[in-house]
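Quick note: the coordinates plus some simple rules give every number you see, no bench work behind them. Computed from a predicted structure; not experimentally measured. Glycine also receives a Cβ, built like all others from the backbone with ideal geometry; neighbour counts cover every protein chain displayed.
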């Protein structure tokens, strides 16, 4: 009995001065590990602005195509290129890519696949129309021109 | 003595550490942009069968609102030169709501419109017969910048959404935010669109001024 009493006399407070450090560690851990974009962009992306934006309900139906001038011009040239997933592709390969993306969707949703075209401001309509022709060939006709909001006066 | 000194320095004031951590957290919260899936939806026309010649559509010239954009980003709207796309949305609204020569069905549609939209009907003979016939056509060159094309497309959509919204007593923004998930919003969506097909035609670009 006497033994127990002695023990209770020792201070029970836990030192809390290290708590901020723990929070710091957590913060740093999440800062380093969070990846906002799963893909490395190989092309320049300055998304144009528009006012009539719509939001799609089902995000799983969206596949992304990035179009713009390659960042590494010495390797890929300075003409606008199309990036799908992690690689630059040429327009004729788009049909195959769409079919791959469509196969990933559940069967009931395959008709509703939407291609979000993230196009750089400086691209001309020529490459865009080539891509759209290929999308028509692939029968992926729902296209979303990705753009950021613009404040209208 | 030495022992005592080391004991005195072990306590560092850590009260503000949490504040610093907070500041950093807020900084990263503000600066990170999470990729959003917002954009302008466009439905492409179906693929043409090479064995079947394209259908010969007979449409009166007055029912088509022509917008041409060349490789220098100049606009030709209904045969009229323009430097910028500004004000195009109002012109498209006037064109769609013209009701130049409505048939019986279109007249019924006209009577169902709110007064603010009825006032827009200018009934000019050289503009569209009625909304069901009206088509907005956008034609570009291969050298036209995507930014201007998107701006024009955006304005054309804006004109239609403003009409839809006004029919059901909403602003264009509120109408666009309707999801169609529940019955009420679906009803509003349908009521707004009824009789006003969103007819924006994107013509194949010319081979001029690009590659």
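What base-10 log of the normalised intensity I(q)/I(0) is obtained for the range B:61-202 from the Debye formula, alpha carbons as equal point scatterers, at q = 0.16, 0.19, 0.21 Å⁻¹?
Scattering profile of the range B:61-202, log10 relative to I(0): -0.85, -1.10, -1.25.
Per-residue Cβ counts within 10 Å, from other chains only, averaged over A:51-61: what number is that?
Mean shielding count: 6.
Relative to the longest principal axis of the C-alpha atoms of chain B, give the angle of the C-alpha long axis of helix B:146-167, reported between 0 and 90° and rounded to the nearest 10°.
80 degrees
For residue B:179 paired with residue A:73, estimate the spin-label separation in nm (one decimal), with each label point 7 Å from Cα along the Cα-to-Cβ line.
Between residue B:179 and residue A:73, the label points sit 4.5 nm apart.
Quick one: what do you get for the protein assembly as shown if you divide its Cα Rg by 2.2 N^0.38 Å?
For the protein assembly as shown, the normalised Cα radius of gyration comes out at 1.41.
Could you tell me the calculated FRET efficiency between residue A:96 and residue A:49, based on Cβ-Cβ distance and R0 = 30 angstrom, to the nearest 0.05?
Efficiency at R0 = 30 Å is approximately 0.40.
I'd like the distance between the alpha-carbon centres of the range B:135-167 and the range A:101-135, rounded to an integer number of Å.
The two parts, judged by their Cα centres, are 19 Å apart.
Given the DSSP H assignment, sum -39500 (n - 2.57) over each helix run of at least 4 residues in chain A and divide by its residue total; what's the result at 222 nm in deg cm²/dmol, nearest 500?
Helix contribution divided over all residues of chain A: -9500 deg cm²/dmol.
For the pair residue B:124/residue B:18, report the inter-label distance in nm, with labels modelled 7 Å from Cα in the Cβ direction.
6.8 nm
Other chains near A:112-122: what is the mean number of their Cβ atoms within 10 Å of each residue's Cβ?
Per residue, the number of nearby Cβ atoms from other chains is 3 on average.
What's the angle, to the nearest 10 degrees (0 to 90), between helix B:183-193's Cα axis and the longest principal axis of chain B?
Between the helix axis and the principal axis of chain B, the angle is about 40 degrees.
Compute the acute angle (0 to 90°) between the alpha-carbon long axis of helix A:125-137 and the principal axis of greatest extent of the alpha-carbon atoms of chain A; round to the nearest 10°.
90 degrees
If I build a Gaussian network model for chain B, linking alpha-carbon pairs within less than 10 angstrom, which residue out of B:69, B:57, B:163 has the largest mean-square fluctuation?
Of the options given, B:57 has the highest mean-square fluctuation.
From the mean inverse distance of alpha carbon pairs (Kirkwood) and the Cα radius of gyration, derive Rg over Rh for the range A:49-149.
The Rg/Rh ratio comes out at 0.97.
For a label point 7 Å from the Cα of residue B:60 along Cα→C-beta, name the residues of the range B:101-138 whose backbone N is under 15 Å from it.
B:101-107, B:122-135
Set the Förster radius R0 to 45 Å, insert the Cβ-Cβ distance between residue B:30 and residue B:52 as r into 1/(1 + (r/R0)^6), and round the FRET efficiency to 0.05.
In this case the efficiency is close to 0.20.
Over the whole of B:41-53, what's the average partner chain Cβ count within 10 Å per residue? Rounded to a whole number, please.
4
Once the Cβ-Cβ distance between residue B:204 and residue A:112 is put in as r, and R0 is 22 Å, what FRET efficiency do you end up with, to the nearest 0.05?
0.30
Taking every DSSP beta bridge with both residues inside the range B:61-202, roughly what % is antiparallel (nearest 5)?
Of all bridge pairs located within the range B:61-202, approximately 40 percent are antiparallel.
Hey, how many Å between the Cα centroid of the range B:84-120 and the Cα centroid of the range B:58-80?
Their Cα centres are 19 Å away from one another.
Between residue B:108 and residue A:87, with labels modelled 7 Å along Cα→Cβ, what's the label distance in nm to one decimal, could you check?
Taking the simple label geometry, residue B:108 and residue A:87 are separated by 5.7 nm.
Kindly rank A:112-121, A:135-144 from highest to lowest mean number of other beta carbons found within 10 Å of each residue.
A:112-121, A:135-144
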